[in-house]
1. Pull up all non-local amide H partners of GLY44: gap of 5 or more, or a different chain, and H-to-H distance under 5 Å with H placed in the peptide plane.
2. Highest first, please rank the peptides 53-66, 30-43, 1-14 by the mean number of other Cβ atoms sitting within 10 Å of their residues.
3. For HIS11 and SER31 in one chain, what is 0.36 nm times their gap in residues minus the Cα-Cα distance, to one decimal in nm?
4. Quick one: which residues, 5+ away or cross-chain, put their amide H under 5 Å from the amide H of VAL57? H built at 1.01 Å from N.
Amino acid sequence: MNEFYAGYNIHALPCGNTGAQMGGWFRKEISTPADLKGVKMRIGGFGGAVIAKLGVVPQQIAGGDIYPALERAPSMRSNGPAPTTI
């Protein structure tokens, strides 16, 4: 791959990224970006700042607290091992 990137003066360094995991399980259908307004999502850092621009409410929740949070809050969403929406 770096042979291809060399023509663009880029060198790739694999860092163990698990790929795109921004899907999730929602209590209601998400059809448009407007549907994300007010949804609480367990996502922090830069990803949280980006998704907040769509109206999502970023949450910092420990892994063990995800299931109880989903039971308490119908507006929350969850997904796999990466960012989790609550």
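1. Residues meeting the criterion, in which the H sits 1.01 Å from N, do not exist here.
2. So the order, starting with the most tightly packed, is 30-43, 53-66, 1-14.
3. Values: separation 20, 0.36 × 20 = 7.20 nm, distance 3.71 nm.
Gain on stretching HIS11 to SER31: 3.5 nm.
4. Amide H neighbours of VAL57, under 5 Å, 5+ apart: GLY38, VAL39, LYS40, MET41.
Rule-based calculations on the coordinates, nothing more; no lab input. This one's a predicted model, so the numbers in the text were calculated from it and none came from an experiment. When we count neighbours, we look across all protein chains shown, and the Cβ atoms used for this are built from the backbone with ideal geometry, even at glycine.
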